[in-house]
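To start, the structure under review is shown below, and the notes come after it.
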Amino acid sequence: MPSSPLPPLPERTFTAVIGRHVARQPDRPAVRDPQRALSYGALYEEALSVAAGSARLEVAAGEPVLLMMDNHLDAIVAWWALALTGRVEVPVNTAYKGSILVHVANNSGAGVIVLDEAYLPVLAEVAAQLPRLAHVVVRGEVGPALRKALPAGLRVHPWAGLAGPRVRPAELQPWDLMGIMYTSGTTGPSKGVRVTQAHAYGYAAPAVLGRALPEDVSLVTLPLFHIGGQWAGVYNSLIAGGASVVLPRFSATTYWDDVRHYGCTYTLLLGAMANFLVQQPPREDDARHPMRQLLMVPVVPQLEAFQARFGIETVATAYGLTEGSTALIAPQGRARPGAVGVPRPDFDVRLVDEHDMPVPRGRVGELLIRPHEPWSVMDGYHDMPEATVSAWRNQWLHTGDAFRIDEDGQYVFVDRMKDAMRRRGENVSSFEVEREIMEHPAVLEAAVVGVPSDATEDDILACVALRPGQSVTADALLDFLEARLPYFMVPRYVDFLPELPKTPTAKIRKQALRERGVTATCHDRPPRTGRRSSIGGHK
């Protein structure tokens, strides 16, 4: 059996990683944002001081805490405070609201939420539906009106009030739960992926994911509530002993200026972000910056032109998923458009048909993965045993994604076998969007599918059949959805049909809708940029 590129399992815990660097290089810069910077030692001390508040809020080791925070150093402190003391972080997408936020909060079982003041009104709207929530920690001011809008039994605490005499870090094991990361469902609500210490390490490790070295300064513009920002960004750099710069959001107009200003040498770019950079007017200083290597997911078709214009020497890429780590990798210099690399030496990978039987080389099949070592992939879906069993059918973790193997041995992503979409760096559940469309009184039935976007990901097409005698305009329906859904889930296209195509068993034939695609009858309203976007903020 091939050896693992990672250290022994006991070393793959957050306390082992951070403790090692605090002991060896406490004064080395660890993480900064535009307002302040902290060394490994200072961040460690501040996090363990803030962790003192967890005990006062009756959060025991192994229990969950919701974090609904923007990209800033306090969010890193909150993450460290939980991770170093064995509490379970539950990152919440800051665009969540309404029924989606209710589901995540209730399914996680968390009794405490830490959030920025900007998201307190969103919480106040649904707080009465969160019976387990007892404490709200607010980073910022809480006005009298908002305090009054919260249920009487819900206790509100200031972020600054969490600090106290520092506590001791926990003795963590590779199998201990580190977080619950919610990923959009396809045939039901979002599922909480139970992430162990070893799982998070295996996804983020530089030996697997990318080049980050001790001397690197990593630029993080993806949101910290996603694995791309927290694991592939900050944790990747922390494992290497390097430094991270966390910015509020991605901005194509200032990106290379930020790289120059902070001296960044490494980053993760989504393919959509790379496209936005290419679309900017050329500047004479496009290549005058310290960044020469990066991780790009997926690799854009114009890779060579991108590298030449921006002075990027080598590019790596990978395929990973929250449930199953980074199973396919293409190291620096091997990334190419359309492909995602080859299997890691410590993972078994196969492509199968609908009966889980291997397909011949060159044929398209669903990607299944299986690690050689324990605790390297998810510990299951939180409080969803049937979904866990289904994902692990026949002793393999099913990714739901279709691949083929190219002539050079690299795996090529073909399509999503499930009905999830990806838009602006966000996973979107067709089920959740359809559920909200169906709440409109004029709608009889709806189906949501992904259609090609000029940003390398998906745009969303909603195909809608109305109730007899009812009417609603596309703009009115989209306005209805904007009040109920995160901005990235609101469809771009609406197509009103007399009826939706069905199978003999009355299931909607989504493949027929995908093949039909965007027609002349579709209403097109380009997506509006949300207040908080993983790749938003470009101009």
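The values are calculated or read from the model by the stated rules, or taken from the named source; none is laboratory data. Please read all numbers here as calculations on a predicted model, not as lab measurements. Here the Cβ is made from the backbone with ideal geometry for all residues, glycine too, and neighbour counts use every protein chain on show. Side chains are part of the model used for accessible areas, which takes the heavy atoms of the whole protein and leaves out ligands, DNA and RNA. Shrake-Rupley method; radii C 1.70, N 1.55, O 1.52, S 1.80 Å.
One table, with the values for the structure above:
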quantity: Subset tally (residues that are part of a loop (DSSP other than H, G, I, E, B) and surrounded by fewer than 20 Cβ atoms within 10 Å (Cβ to Cβ)) for the range 424-454; calculated: 7
quantity: Filtered residues of the range 312-364 (kept if open to solvent by 20 Å² or more (accessible area, probe 1.4 Å), of a type in the set (Gly, Ala, Ser) and out of contact with any helix residue (DSSP H, G or I) (no Cβ under 8 Å at 6 or more places or on another chain)); calculated: 333, 338, 362
quantity: Residue check for residue 113: at pLDDT below 95, within 30 Å of residue 423 (Cα to Cα) and buried (at least 17 other Cβ atoms within 10 Å of the Cβ); calculated: no
quantity: Residue selected from the range 158-175 under the condition in a helix (DSSP H, G or I) and touching a residue at least 24 places away in the same chain (Cβ under 8 Å), by the criterion nearest to residue 139 (Cα to Cα); calculated: 159
quantity: Residue count for the range 248-265, restricted to those that are open to solvent by 10 Å² or more (accessible area, probe 1.4 Å) and either under 21 Å from residue 330 (Cα atoms) or touching a residue at least 24 places away in the same chain (Cβ under 8 Å) (or both); calculated: 10
quantity: Number of the condition not met by residue 70 [criteria: (1) touching a Pro at 6+ places or on another chain (Cβ under 9 Å); (2) within 30 Å of residue 175 (Cβ to Cβ); (3) of a type in the set (Asp, Glu)]; calculated: (2)
quantity: Checking residue 393 against (1) open to solvent by 50 Å² or more (accessible area, probe 1.4 Å); (2) in contact with a Lys or Arg (Cβ under 9 Å, 6 or more places away or on another chain); (3) closer than 26 Å to residue 177 by Cα, the condition it does not meet; calculated: (2)
quantity: The lone exception for residue 119 - which of (1) farther than 24 Å from residue 485 by Cα; (2) open to solvent by less than 30 Å² (accessible area, probe 1.4 Å); (3) not hydrophobic (A, V, I, L, M, F, W, C) it fails; calculated: (1)
quantity: Only one of 277, 269, 238 that is open to solvent by less than 20 Å² (accessible area, probe 1.4 Å) and more than 19 Å from residue 315 (Cα to Cα); calculated: 238
quantity: Residue within the range 176-199 that is among the hydrophobic types (A, V, I, L, M, F, W, C), part of a helix (DSSP H, G or I) and either more than 30 Å from residue 5 (Cβ to Cβ) or free of Cβ contacts under 8 Å to residues at least 12 places away in the same chain (or both) present; calculated: no
quantity: Count of the range 129-157 residues which are over 27 Å from the mean Cα position of the chain (by Cα) and touching a residue at least 12 places away in the same chain (Cβ under 8 Å); calculated: 11
quantity: Qualifying residue in the range 269-277 (condition: assigned to a loop (DSSP other than H, G, I, E, B) and closer than 20 Å to residue 453 by Cβ); calculated: no
quantity: Residue within the range 155-171 that is among the β-branched types (Val, Ile, Thr) and open to solvent by 40 Å² or more (accessible area, probe 1.4 Å) present; calculated: yes
quantity: Filter result for the condition that a residue is at pLDDT 95 or above and over 20 Å from residue 257 (Cβ atoms), over 358, 345; calculated: 358
quantity: Test for residue 287: is it surrounded by 14 or more Cβ atoms within 10 Å (Cβ to Cβ) and farther than 30 Å from residue 321 by Cβ; calculated: yes
quantity: Listing of strands (runs of 3 or more DSSP E) fully contained in the range 332-423 that carry 1 or more residues being of a type in the set (Asp, Glu) and closer than 26 Å to residue 192 by Cα; calculated: 347-352, 365-371, 397-405, 411-416
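Condition check ((1) touching a helix residue (DSSP H, G or I) at 6+ places or on another chain (Cβ under 8 Å); (2) closer than 27 Å to residue 247 by Cβ; (3) buried (at least 23 other Cβ atoms within 10 Å of the Cβ); (4) touching a residue at least 24 places away in the same chain (Cβ under 8 Å)) across all residues:
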{"position": "8", "(1), (2), (3), (4)": "no, no, no, no"}
{"position": "12", "(1), (2), (3), (4)": "yes, no, yes, yes"}
{"position": "23", "(1), (2), (3), (4)": "no, no, no, no"}
{"position": "28", "(1), (2), (3), (4)": "yes, yes, no, yes"}
{"position": "32", "(1), (2), (3), (4)": "yes, yes, no, yes"}
{"position": "38", "(1), (2), (3), (4)": "yes, yes, no, yes"}
{"position": "45", "(1), (2), (3), (4)": "no, yes, no, yes"}
{"position": "100", "(1), (2), (3), (4)": "yes, yes, yes, yes"}
